[in-house]
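Colleague: Provided herewith is a single structure, encoded as structure tokens, for subsequent inquiry.
The values are calculated or read from the model by the stated rules, or taken from the named source; none is laboratory data. In this text the structure is predicted, and so the values were computed from the model without any measurement. Cβ atoms come from the backbone with ideal geometry, glycine included; neighbour counts cover every protein chain shown. Heavy atoms of the whole protein, side chains included, go into the accessibility calculation; ligands, DNA and RNA do not. Shrake-Rupley method; radii C 1.70, N 1.55, O 1.52, S 1.80 Å.
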Amino acid sequence: MADQHDDDREEAVAPPLRIGISACLMGVPVRFDGRDAAVGDPRLQDWLKAGRLVALCPEQLAGLGTPRPRAEIQGGQPGVAVLLGRAQALTEHGQVVTGAFLRGARTCRDRFEELGVRLAILKDGSPSCGVQQVHDGRFLGQRVPGEGVTTACLRAAGIEVFSEHQLDEAERCLGELLAASADAPVGGGAFEPAGPGRP
């Protein structure tokens, strides 16, 4: 009988389906230059009110702080190359920050998994959060097709990832996941980084 009660308790605390999102897209000033990249789409506010959004900044989680030197993946390689040890993340001053990017990606993945995140909306072009594009590693503002380190890490863990330009696709994915899980909205959304001062 005790085992049955234990099973019931485990079911009761199963994490609800949530959406991970880059904190800068929600107006938190955590980008390398101390700014945000807020998206005004009302769906984000709807998902926040429904308790679905979990906002994180991988580079803040890694302790890089804000503002911080701009960083790009060497040679414009995809994030998976960094995960596999085949490419490095460097700052514009030549400092190697690969370890920090890997730490931020894995911490983000772990927190998303703990909170029941099944899909994520990340900032395109970022060396961490890029979904469709990253910069080419020359610090000239040029982009190439590819994904950031965090995006590659999340996808390897089975989390669907979309950019801020793919909200229609993200909405369809959410609908499919909800239909499959018969999930219901929960309490408030979660924001990890309080601002540029948080490591």
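Colleague: Only residues of the range 27-42 count here: report those whose backbone N is under 18 Å from the spot 7 Å along Cα→Cβ of Lys49, or say none.
Modeller: 27, 39-42
Colleague: Would you mind calculating the relative contact order of the range 16-84 from Cα pairs under 8 angstrom and at least 6 residues apart, reporting the percent as a whole number?
Modeller: Values: 76 pairs, mean separation 23.3, N = 69.
In percent, rounded to a whole number, it is 34.
Colleague: Pop out the carbon and sulfur fraction of the accessible area of the range 33-121 as a percent, whole number, probe 1.4 Å. Display every interim value, and only then the final one.
Modeller: Values: 1860 of 4060 Å².
Roughly 46 percent, rounded to a whole number.
Colleague: Provide Rg and Dmax in Å for the range 46-111, with only Cα atoms included in the calculation.
Modeller: 13.8, 43
Colleague: Calculate the length of the line joining the C-alpha centroid of the range 59-103 to that of the range 139-157, in whole Å.
Modeller: 11 Å
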